[in-house]
Structure formats: structure tokens, C-alpha cells
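First comes the structure, then the notes that go with it.
Read-outs throughout are calculated quantities, based only on the coordinates presented, and are distinct from any laboratory measurement. Quick caveat, the model's predicted, so the values are computed rather than measured. Reconstructed Cβ throughout: ideal geometry from the backbone, glycine too, with neighbour counts over all protein chains shown.
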């Protein structure tokens, strides 16, 4: 795997995980707190915690990406999962017409 490909995978995982982590830990909206900042949406969080979210996202993404690299280096693939392979007769022909 090239460095550019690895960075692209990490970047995509980071954005996916960011949007998965973003809603966790929101306490109250500005409207619920009674302190709406002029020019902002009343449903905006009262205390944005962007630094905490970015750090947590980076840590989780690093773990997921490391697991992806380890799985890739191990040589394990989709062909190693038995229920993903089409049924084959003893002569080597595919038994199910959906698989070609």
C-alpha cells in the first residue's frame, strides 16, 4: 500500500468516525440553557467541545486504521470466510445460478 493510499483511507475513516462520535456527550442546547448567543442557531450546543471530539476521533481512527493494516498484512481476505463463497459441486461447477 502506498503512503498516499494509506493517508486517503485514514482521512476517509476519520471523517466517518467524526460524524459517528459528534452527537455523543451533548448536554444541552443553547435554547434549553436559556443563553442563546445572538446570530447562532438556538439548537446549537451550549458548550461546543470541538477539541475533545477531534482528539477522540483521531484516537479511534488510529485504532481502526491500525486494525485494518494488521488485517491487510495478515493475508486474511473475503475468500477466507466460508459463507461468502458460492456452493460448488465435486466437479468444481457452481451449483447456484445466482453466482454465475
Give me the extension gain from residue 49 to residue 22: residue separation times 0.36 nm, minus the current Cα-Cα distance, reported in nm with one decimal. 8.8 nm
Label-point gap, in nm, between residue 7 and residue 80 - each point 7 angstrom along Cα→Cβ: 3.0
